[in-house]
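So the structure is just underneath, and the comments pick up after that.
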Amino acid sequence: MSKIQMRLALSIPVSYDYGAWIRHDGVEDACNSMALWSVHGGSLWLRSQEPAGKTHLLRTVGRESGTIVPLDIAASAGRLTAWQLVEQWLIRLQGQTMWLLDVEAGTLEVAVAQALFHCVERARELQRPLAMAWRGELSSLPPELSSRLLAMKQCTLAPPPDDDALLEILHSSAGRLQWDIRQQVLQTMLTYLPRRLDILIPALKELELRSFEQHLRPGPVWLKQQLTGMAEELEQQNH
């Protein structure tokens, strides 16, 4: 894999706050549900069919609370057993009155799924409010875990419904990168790249890096060249 392809796989920038959170129709229900959860507790599952901002929402809530730190859960267990994972997670969750679990999207390894089941059960036993974000197929999970998820209140997030909301999110993301970028550049990105947050946000960061490294401000010719190359790489990765 090339250096550029590795960069395109970068995750969304890790600066999360409500000032950078764009509220639109696709996340309205989740925003309201998280607000109620932070006051009344309970168990909540944030889900989506494609990347839609679940991690960002969880982390804005944690950041605003000042006391809740989301627990990142990888889909792979590595060499750890389910019980070892549970022990690690509970140590990190110790002392927190509300639990936020940010689970990596996709199919979970058996040990991770088993550990997640026990973590959910532990939250219930300790009467800890639990909010979890995960995108994946329920059919891939052990029955005991899928039944627990189905028993939670569920909120489905959706990507921005139109280009205006998508451009607003990109503009906010550019602000988090401290990059003063013209709106025309963001609009051009929508012309060459798929309208998907998991592609557009890393591509925006890649453009910022290339612009910085080459000591220039993006112009039409340079921008077309960069975006065309990115689009070609994405197409190759999909074949």
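The values are calculated or read from the model by the stated rules, or taken from the named source; none is laboratory data. Everything numeric here is computed off the predicted structure, so don't read it as measured data. Cβ: placed from backbone, ideal geometry, glycine included. Neighbour counts: every protein chain shown.
Listed values, structure above:
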item	result
Where ALA74 falls short, out of the listed (1) among the small types (Gly, Ala, Ser); (2) at pLDDT 95 or above; (3) out of contact with any Ser or Thr (no Cβ under 7 Å at 6 or more places or on another chain); (4) closer than 15 Å to LEU141 by Cβ	(4)
Some residue of the stretch 96-106 being among the hydroxyl-bearing types (Ser, Thr, Tyr) and touching a strand residue (DSSP E or B) at 6+ places or on another chain (Cβ under 7 Å)	no
Some residue of the stretch 82-92 being crowded, with 21+ Cβ neighbours inside 10 Å, modelled with pLDDT of 95 or more and outside any loop (DSSP other than H, G, I, E, B)	yes
Residue match in the stretch 122-136 (condition: over 20 Å from LEU108 (Cβ atoms) and in a helix (DSSP H, G or I))	yes
Some residue of the stretch 102-123 being closer than 30 Å to GLY26 by Cβ, aliphatic (A, V, I, L, M) and modelled with pLDDT under 95	yes
Within the stretch 31-59, tally of residues that are within 27 Å of GLU137 (Cβ to Cβ) and outside any strand (DSSP E or B)	17
Failed criterion for PRO129 (all others in (1) within 30 Å of MET189 (Cβ to Cβ); (2) surrounded by 14 or more Cβ atoms within 10 Å (Cβ to Cβ) hold)	(1)
Any hit, the stretch 97-108, residues being among the charged types (D, E, K, R) and over 18 Å from SER48 (Cα atoms)	no
Pairs where the first residue, in the stretch 212-229, is modelled with pLDDT under 85 and the second is aliphatic (A, V, I, L, M), C-beta under 7 Å, 6+ apart	PRO218/VAL185; PRO218/LEU207
Selected residue (only one of GLU206, GLU137, GLU233, GLU168 is in contact (Cβ under 8 Å) with a residue 40 or more places away in the chain, among the acidic types (Asp, Glu) and closer than 21 Å to ALA30 by Cα)	GLU168
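One line per residue, one yes/no per condition, for (1) assigned by TED's automatic domain parsing to the domain that holds VAL27; (2) small (Gly, Ala, Ser); (3) within 18 Å of the chain's Cα centre (by Cα):
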position: ASP102; (1), (2), (3): yes, no, yes
position: CYS119; (1), (2), (3): yes, no, no
position: LEU126; (1), (2), (3): yes, no, no
position: ALA131; (1), (2), (3): yes, yes, yes
position: LEU170; (1), (2), (3): no, no, yes
position: ILE181; (1), (2), (3): no, no, no
